[in-house]
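The values are calculated or read from the model by the stated rules, or taken from the named source; none is laboratory data. Predicted, not measured: the structure shown is a model, and the values here were computed from it. All Cβ positions, glycine included, derive from the backbone under ideal geometry; neighbour counts span all protein chains shown.
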Amino acid sequence: MDKIGTEGNDTLYIRDPGAFRILGLGGDDFLRVYISRRNASQDLADYFDGGDGNDTIMAAGTDDTALGGSGDDLLRGDDGNDVLYGDAGREDFGDARTESANDGDDTLDGGDGDDSMDGGGGDDLLLGGRGNDIMIGGSGSDTLSGSSGNDLIFGGDGGDTLIGETGDNYLDGGSGDDLLQSSGGKDTITAGDGNDTITSGGGNDSVWGDGGHDEMILGSGVDEAHGGDGNDTINGGEGTDFLFGDADNDILNGGLDNDTIVGGAGDDTIDGGGGGDLMYGDSGTGDSGYDFVTYESSASAVTVQLSSLGATQGAGGAAGDYYLEINGAIGSAFADALVGGSGNQTFYGLDGNDTLSSGLGNDSLFGGLGDDILQGGEDNDYMVGGAGADTLNGQTGIDTVSYAGSGSAVTVTVSALNAYAATGGDAQGDVLASVEVVEGSAFNDRFNGLDGNQKFVTGAGVDTITAGAGDDMLVGNGGTNYLYGQDGSDTFVGISGTNLVLDYDFYDTAGHDQIGIDAGSSTRWRTLSGAYALEFYTADQSTYVWTGTADPTLASQRAALIDVFAFSDPDAFLV
């Protein structure tokens, strides 16, 4: 039986049981099945088509099909296994016409039963109700809520909100920046493309990030999460979780209990949290990346020992943790011990009186706050003590101590062979030993050399380097710098800034000094007390040699030396 409206605003009621086709056509229509007879029920399926306009369709009884058509529609399925379409019609009923897909902001309420809903275009609201429902948001920014039952929820295009509620649900955000949330049950969540936020509930869930920069917050239960492409953040929460960062640079937090965490390709940061965790920097298939474990959230001091040869175990606040293919460690706010193995590794002590020890390889050690001990290894290490009275011992290799991050000027003086005294700024109270290179701050620093071969590098500010006997390298890198070479065969490099080179012993035939000047620097000479040989080297290996037989302090000779040489690559001078 058919009940057909007009092109206007119609109200169509069906009061008797039966199978009806109710067609609203145009206008804002109200279509409803209402069983008025006592003890009667609607056992046959009805078909509703709202047509154009903003329609309200309220089905009743068994398995109904409702099409909202164009406009902003409200569709309610009630009992039975209903099929609700917000916009698109599917059949041709003679004069009633076939409905094509149209946009509209629709509300679809499945009610009880196993319902199928398709929002179509527009920003739609789909409510599954009780039962196992299938919901498709379509294009637009849709909200889909499954309620109870095992639901299949598809967001489609646009930035959607998907809510799984109870039951074992499947959520697929599709493209766009989506918000996906599940409650209890064993859920499978696929974020799709876009920057998505995923919150899972108390069941054993499986979460897949796909493309985009995703954030995942897992609940209790044994969960598995894959970040996919993009820089993702995965928080494991309670339960024994399996977290995989996959591609790009990810942040992985295990949370409570014993977790397995794999960074994958990219530069990843892993925080195991509570429990004994197994932390892999890569996936074990040769993935590239520089990966860290961090204990910034630890409530006690940690001991971390890294090795590239196999799994190693932590202690203290890191007790029970194992590391494999990890390149660096970040300590806690307490007195930590961070120990390197082979490979080029990086350690950050943070707060507390920490001990950082390099192994094989060219390592970087950053003490942070507190009175730290930084000890280099066999190769070329880079050390930053930070604030506090630190002890920095380079051991073998060509080791560097940097004060580039100091908040005020520093003074570093070579007090004995391979021993330094330091004051001011972050250098206050520091003891340096077996250090070959010292880098200054952005303020007015002073470096005082002694016997031996030292290298000093200035920062911004007005800096003074006074080298001692030996073959020293004086590097002016920003600011205005006064470079005194003293005895020995010294190398002067002007990378940037204004560099004033004053060598007290140019006329000493035992000394053979080299000057390298970058295009960003302005270098000039003063007090040329004598020079037997001066060599200027360019990046293309061209050599400019001045050999003076007369006293170079004479104006005629000095004029040939006061000049600016713009060389393209000062690194050619760094040895």
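Here are the numbers for this structure:
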| read-out | value |
| --- | --- |
| Residue in the range 440-458 that is farthest from the chain's Cα centre (by Cα), counting only those that are surrounded by 24 or more Cβ atoms within 10 Å (Cβ to Cβ) and farther than 20 Å from SER489 by Cα | ASP445 |
| Unique match (being over 16 Å from LEU432 (Cβ atoms) and either in contact with an Asp or Glu (Cβ under 9 Å, 6 or more places away or on another chain) or not basic (Lys, Arg) (or both)) among ASP351, ASP390 | ASP351 |
| Every residue from the range 274-296 that is assigned to a loop (DSSP other than H, G, I, E, B), over 22 Å from TRP208 (Cβ atoms) and not charged (D, E, K, R) | GLY274, GLY275, GLY276, GLY286, SER288, TYR290, TYR295 |
| Options GLY367, GLY405, GLY376; residue that is more than 21 Å from THR466 (Cβ to Cβ), surrounded by fewer than 19 Cβ atoms within 10 Å (Cβ to Cβ) and in contact with a strand residue (DSSP E or B) (Cβ under 8 Å, 6 or more places away or on another chain) | GLY405 |
| Residues of the range 408-417 classified as within 11 Å of LEU450 (Cβ to Cβ), touching a strand residue (DSSP E or B) at 6+ places or on another chain (Cβ under 9 Å) and either of a type in the set (A, V, I, L, M, F, W, C) or surrounded by 16 or more Cβ atoms within 10 Å (Cβ to Cβ) (or both), total | 2 |
| Any hit, the range 443-464, residues being more than 24 Å from GLY485 (Cα to Cα), among the aromatic types (Phe, Trp, Tyr) and not in a loop (DSSP other than H, G, I, E, B) | no |
| Residue list for the range 225-244, filter: in a loop (DSSP other than H, G, I, E, B) and under 18 Å from ASP193 (Cβ atoms) | GLY227, GLY228, ASP229, GLY230, ASN231, ASP232 |
| Hits in the range 155-172 (condition: under 25 Å from the mean Cα position of the chain (by Cα), buried (at least 21 other Cβ atoms within 10 Å of the Cβ) and either among the hydroxyl-bearing types (Ser, Thr, Tyr) or not in a strand (DSSP E or B) (or both)) | GLY158, ASP160 |
| Every residue from the range 250-273 that is within 17 Å of the chain's Cα centre (by Cα), part of a loop (DSSP other than H, G, I, E, B) and among the charged types (D, E, K, R) | ASP250, ASP267, ASP268 |
| Residue among TYR482, TYR420 that is at pLDDT below 85 and either surrounded by fewer than 18 Cβ atoms within 10 Å (Cβ to Cβ) or in a strand (DSSP E or B) (or both) | TYR482 |
| Of all residues in the range 83-117 being at pLDDT below 75 and part of a strand (DSSP E or B), the one that is surrounded by the fewest Cβ atoms within 10 Å (Cβ to Cβ) | VAL83 |
| Candidates GLY140, GLY120 - the one that is touching a Phe, Trp or Tyr at 6+ places or on another chain (Cβ under 8 Å), assigned to a loop (DSSP other than H, G, I, E, B) and at pLDDT 65 or above | GLY120 |
| Residue count for the range 346-376, restricted to those that are modelled with pLDDT of 95 or more, farther than 21 Å from GLY425 by Cβ and not hydroxyl-bearing (Ser, Thr, Tyr) | 5 |
| Residues located in the range 323-333, provided they are of a type in the set (A, V, I, L, M, F, W, C) and buried (at least 20 other Cβ atoms within 10 Å of the Cβ) | ILE326, ALA329, ILE330 |
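Listed here are the residues, each with its yes/no results for (1) touching a Leu at 6+ places or on another chain (Cβ under 8 Å); (2) surrounded by fewer than 23 Cβ atoms within 10 Å (Cβ to Cβ).
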position: GLY138; (1), (2): no, no
position: ASP142; (1), (2): yes, no
position: SER148; (1), (2): no, yes
position: ILE153; (1), (2): yes, no
position: LEU180; (1), (2): yes, no
position: VAL207; (1), (2): yes, no
position: PHE242; (1), (2): no, yes
position: ALA247; (1), (2): no, yes
